[in-house]
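Visitor: Below are the structure tokens for one structure; questions will follow.
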Amino acid sequence: MRIGFIGLGSMGAGMAGNLIKGGHEVTVWNRSPDAAKPLAEQGAKVAATPVDAAAGVDVLHSMLANDAAVRDVILDSGVLDTLPKGAVHVNHATISVALARELIEAHESRGLGYVAAPVFGRPAVAAAGELNIVASGKPEAIAKVSALLELLGQKVWPMGDDPVRATIVKIGGNFLIGATIESIAEVTALTRAHGVSAKDFLEMMTGSLFSSPIFKVYGGLIAEEKYSPAGFKMSLGFKDIGLARAAAEAERVPMPFASVIHDTLLDALGAGDGDLDWSGMARVAAARAHLKD
């Protein structure tokens with residue numbers, strides 16, 4: 001299958017690599033050209049522009065950072081006007097509900113398929129093809145890309161024919177991750193203040209009551225204070241909590257804890273820590289408790 005892949009950041013590069021390994025003809029584009037070089041060595045064609053990456057493909061995947069990037073690269077650049085009729089665009093980015101609805105209309109008006117397929121997993125998981133993928137879109141569009149999604153993930157979770165559903169599931173999932181990190185951050189500040197290290201406390205908790213991937217992964221990072229390199233940056237977490245708040249306000253759904261996480265991340269960004277992993281929220285909690293790193 002002829003595939004375009006736009007956005008080769010820490011997640012997209014591994015995902016595009018798995019499509020190449022699957023035997024597909026893949027053309028890639030990234031705003032920073034150096035990111036495409038390893039994929040070119042694996043056999044990918046490198047496009048000069050996002051429009052070139054979309055030309056003549058059967059399926060276009062995109063993994064971009066935020067609403068602004070999706071609007072710029074997908075909506076405003078001419079990509080959708082370049083895609084052949086009947087082609088399917090698979091959007092892996094975490095975006096707002098409002099932009100998701102705009103994308104649905106933009107694709108339908110051009111005779112294009114649109115599948116929202118945001119992913120759960122960190123960069124190493126993406127490279128291993130073991131992501132959890134939430135997918136929604138019209139049945140014919142899903143059918144066209146299902147084999148490709150299976151190359152990218154260990155499981156595809158269908159959410160029906162409305163792409164907004166996958167979008168809100170991803171927003172909700174990231175809110176839960178943020179809430180978990182905030183909880184770990186606060187409680188480890190508490191235990192440290194009473195002489196129990198984060199490492200000792202979290203080893204006990206993740207080996208008993210909270211033996212789950214999220215607690216183990218983020219608890220491990222907090223215990224080791226390993227916030228760089230980031231698997232998921234504070235700045236992206238701040239963006240995603242903002243998406244949750246906006247979606248909640250649109251439907252008059254109170255989410256008080258979203259404001260707590262928002263303020264913690266805002267504190268981190270204000271301190272210049274936006275490029276650290278968002279497990280670094282523990283640094284904010286420790287600072288508030290006047291604990292030394």
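Visitor: Just to be sure I understand, how many residues within the stretch 10-35 are among the acidic types (Asp, Glu) and buried (at least 23 other Cβ atoms within 10 Å of the Cβ)?
Guide: Going through the stretch 10-35 one residue at a time, the tally reaches 0.
Residues checked against (1) closer than 18 Å to VAL59 by Cβ; (2) of a type in the set (A, V, I, L, M); (3) not in a helix (DSSP H, G or I):
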position: ALA124; (1), (2), (3): no, yes, no
position: ALA135; (1), (2), (3): yes, yes, yes
position: LYS144; (1), (2), (3): yes, no, no
position: GLN154; (1), (2), (3): no, no, yes
position: TRP157; (1), (2), (3): no, no, yes
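Visitor: Give me the residue from the stretch 36-56 that is among the aliphatic types (A, V, I, L, M) and surrounded by fewer than 23 Cβ atoms within 10 Å (Cβ to Cβ) and, out of that set, nearest to LEU236 (Cα to Cα).
Guide: ALA36
Visitor: Report every pair of residues separated by at least 6 positions or lying on different chains whose Cβ atoms are under 8 Å apart, first residue within the stretch 74-87 and closer than 15 Å to ARG2 by Cβ and among the polar types (S, T, N, Q), second part of a loop (DSSP other than H, G, I, E, B) and modelled with pLDDT of 95 or more.
Guide: THR82/ALA55
Here is a yes/no grid of residues against (1) small (Gly, Ala, Ser); (2) surrounded by 14 or more Cβ atoms within 10 Å (Cβ to Cβ):
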| position | (1), (2) |
| --- | --- |
| ALA143 | yes, no |
| GLU150 | no, yes |
| GLN154 | no, no |
| MET159 | no, yes |
| ILE168 | no, yes |
| GLY173 | yes, yes |
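Visitor: Please enumerate the residues belonging to the stretch 192-212 that are within 26 Å of PHE120 (Cα to Cα) and loosely packed, with under 12 Cβ neighbours inside 10 Å.
Guide: GLY207, SER208, LEU209, SER211, SER212 - these are the residues of the stretch 192-212 that are within 26 Å of PHE120 (Cα to Cα) and loosely packed, with under 12 Cβ neighbours inside 10 Å.
Visitor: So, one more: Name the pairs whose Cβ atoms lie under 7 Å apart, with the first residue in the stretch 262-277 and in the same structural domain as SER235 (by TED's automatic domain parsing) and over 23 Å from SER10 (Cβ atoms), the second surrounded by 22 or more Cβ atoms within 10 Å (Cβ to Cβ) and of a type in the set (Val, Ile, Thr), and 6 or more positions between them or separate chains?
Guide: As it stands, the answer is HIS262/ILE241; ASP267/VAL284, since those pairs meet every condition given.
Visitor: Still on this structure: If you scan the stretch 149-179, which residues turn out to be free of Cβ contacts under 8 Å to residues at least 24 places away in the same chain and either touching a Ser or Thr at 6+ places or on another chain (Cβ under 6 Å) or of a type in the set (Asp, Glu) (or both)?
Guide: GLU150
The values are calculated or read from the model by the stated rules, or taken from the named source; none is laboratory data. Quick caveat, the model's predicted, so the values are computed rather than measured. Here Cβ is always computed from backbone atoms with ideal geometry, including for glycine, and neighbour counts include all displayed protein chains.
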